Amino acid sequence: MKAMVMEAPGLENLRLKEVADPEAGPGEVLVRLRAASLNFRDVLALRGGYGSRQKQAGLIPLSDGAGEVVQVGRGVRNFKPGDRVVNSFFPRWLAGPPDERFLQQDLGGIEDGVACELRVFAADGLVAIPAGMSYLEAATLPCAAVTAWNAVRVHGNAGPEQTVLTQGSGGVALFALQFARAAGARVIVISSTASKLERLQAVGAQHGINYSDDAEWGKTARKITAGRGVDLVVETAGAATLKQSIRATRVGGMIAMIGMVSGPTAELNLPLVAMGSLRVHGIAVGSREHLEQVLAACAVNGLKPVIDRAYPLADLAEALRHVESGRQFGKVCVEIG
Ligand SMILES: NC(=O)c1ccc[n+]([C@@H]2O[C@H](COP(=O)([O-])OP(=O)(O)OC[C@H]3O[C@@H](n4cnc5c(N)ncnc54)[C@H](OP(=O)(O)O)[C@@H]3O)[C@@H](O)[C@H]2O)c1
């Protein structure tokens, strides 16, 4: 089979190679991958950014894939050849609260990922794709959509009469916008350009703020909520945004700490957090149960993942550079086979 292999850290060291076909062992499923999606974390991994916590040479990148079952190992009852499946981000985290043991298995980082034609998965780490959803659409879900779901629905509990603030037009932010709107919440988005804001409003956001023009966007968001503040901030930008996110959030509201597109370290104004009774809640993707909930929510609400562009697998380095540029609107994907 063909696989994209990172020979050493650096996008220039990605090579499409012929490697041995894997086989499913007991409890495992062999999947012919048809599509995969990229996440910001893949750019970091391809630059060797996770240090000793990742495979530095010979890594097959990417964590999120969808494809067709070609072989099942002994004891597998829930799948058969021909089934369409998508993988869960943390294959061992099936349901319930996070636990360190589940977070150790990391596709496209600690272990090989899905940028290849064939891959073996534990049967427990796969979920069936509903009819009407394409492989490309399903491949956008394991990391970005599950993270957004965990923030907006599981911990943020967003619903009618609530206001959610999302940041930018990356994968997580767009899913957060779609899930918050489907739950009946009002959504304020911040983005870098007027054209992206227009597109975010077309996806469902009621209010848009251009953070390039409005450095005090936290105050502006507060004004939009008549001074009360937003109920939930889906914090994906990190260093550059946390201060304004705190300003935007209502007393007793929540900041879902997810990402760090603009940098990993931020100053925290402790009195504002304490006196605002803010909940700053870390989110680490989610479980297989969350992925199942996402698939059900997409089917029931007719939600379509926003896909920016799909590249052939051979052009993975170009796709990663596109993610790194921040110019995308929604998910960047690769088609396989
Ligand atoms: N904790 C977790 O479980 C988890 C899971 C998934 C992702 N993440 C993290 O979450 C972050 C987002 O991931 P992603 O895959 O959605 O990223 P992405 O698709 O690469 O998102 C990039 C977008 O971020 C926006 N952005 C950049 N700087 C910004 C700023 N200063 N303020 C507001 N928005 C800004 C830009 O949108 P505009 O041009 O529209 O502003 C850009 O298009 C990453 O740091 C990723 O590592 C964490």
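The values are calculated or read from the model by the stated rules, or taken from the named source; none is laboratory data. In this text the structure is predicted, and so the values were computed from the model without any measurement. Using ideal geometry, Cβ is built from the backbone for each residue, glycine included, and neighbour counts are taken over all protein chains shown. Ligands, DNA and RNA are stripped out before the accessible areas are found, and what is left, the full protein with its side chains, is counted by its heavy atoms. Shrake-Rupley method; radii C 1.70, N 1.55, O 1.52, S 1.80 Å.
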* Between residues in the stretch 84-104 that are assigned by TED's automatic domain parsing to the domain that holds Gly125 and residues that are of a type in the set (Lys, Arg) and in a loop (DSSP other than H, G, I, E, B), which pairs lie under 6 Å by C-beta distance while being six or more apart or on different chains? -> Phe102/Arg92
* Asked: Say we look at the stretch 262-285 and pick out the residues that are at positive phi and modelled with pLDDT of 95 or more; which of these is farthest from the chain's Cα centre (by Cα)?
  -> Ser277
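Hey, among Ala45, Ala57, which residue is assigned to a loop (DSSP other than H, G, I, E, B) and within 29 Å of Gly259 (Cβ to Cβ)?
Details: Ala45 fails: assigned to a loop (DSSP other than H, G, I, E, B).
Within the list Ala45, Ala57, the selection yields Ala57.
Within the stretch 179-192, which residues are more than 13 Å from the ligand (Cβ to nearest atom) and open to solvent by 10 Å² or more (accessible area, probe 1.4 Å)?
Across the stretch 179-192, the qualifying residues are Arg181, Ala182, Ala183, Gly184, Arg186.
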* **Listing of helices (runs of 4 or more DSSP H) fully contained in the stretch 241-305 that carry 1 or more residues being open to solvent by less than 50 Å² (accessible area, probe 1.4 Å) and away from the ligand (no atom under 16 Å from the Cβ)** => 270-275, 288-301
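Is there a residue being assigned to a strand (DSSP E or B) and open to solvent by less than 60 Å² (accessible area, probe 1.4 Å) anywhere in the stretch 16-27? So that I can check it myself, show each step before the final result.
To start, the set of residues in the stretch 16-27 that are assigned to a strand (DSSP E or B) comprises 16-18.
Now restrict to residues that are open to solvent by less than 60 Å² (accessible area, probe 1.4 Å): none.
Checking the stretch 16-27: not a single residue is assigned to a strand (DSSP E or B) and open to solvent by less than 60 Å² (accessible area, probe 1.4 Å).
Find the strands (runs of 3 or more DSSP E) located wholly in the stretch 145-221 whose residues include 3 or more that are of a type outside the set (Gly, Ala, Ser), without any contact (Cβ under 8 Å) to a residue 24 or more places away in the chain and not assigned by TED's automatic domain parsing to the domain that holds Leu38, and list them. Can you show your working first?
Values: elements: 163-167, 186-191, 207-210.
Once the strands (runs of 3 or more DSSP E) in the stretch 145-221 are filtered for at least 3 residues that are of a type outside the set (Gly, Ala, Ser), without any contact (Cβ under 8 Å) to a residue 24 or more places away in the chain and not assigned by TED's automatic domain parsing to the domain that holds Leu38, what remains is 207-210.
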* To do: Select from the stretch 76-104 the residues that are open to solvent by less than 30 Å² (accessible area, probe 1.4 Å) and farther than 16 Å from Val146 by Cα and list them in ascending order.
  => Val76, Phe79
* Asked: Which condition breaks for Ala66 when tested against (1) more than 16 Å from the ligand (Cβ to nearest atom); (2) under 23 Å from Val172 (Cα atoms); (3) without any contact (Cβ under 8 Å) to a residue 12 or more places away in the chain?
  -> (3)
* Asked: Restricting attention to the stretch 318-337, and to residues there that are within 21 Å of Arg119 (Cα to Cα) and open to solvent by 20 Å² or more (accessible area, probe 1.4 Å), which single residue is modelled with the highest pLDDT?
  -> Glu335
* Asked: On the given criteria, is Gly227 assigned to a strand (DSSP E or B) and more than 10 Å from the ligand (Cβ to nearest atom)?
  -> no
* Has the stretch 236-250 got any residue that is modelled with pLDDT of 95 or more, closer than 26 Å to Pro91 by Cα and assigned by TED's automatic domain parsing to the domain that holds Leu177? -> yes
* Structure fact -> Taking the stretch 43-70 and keeping residues open to solvent by 60 Å² or more (accessible area, probe 1.4 Å) and under 30 Å from Met133 (Cβ atoms) leaves Leu44
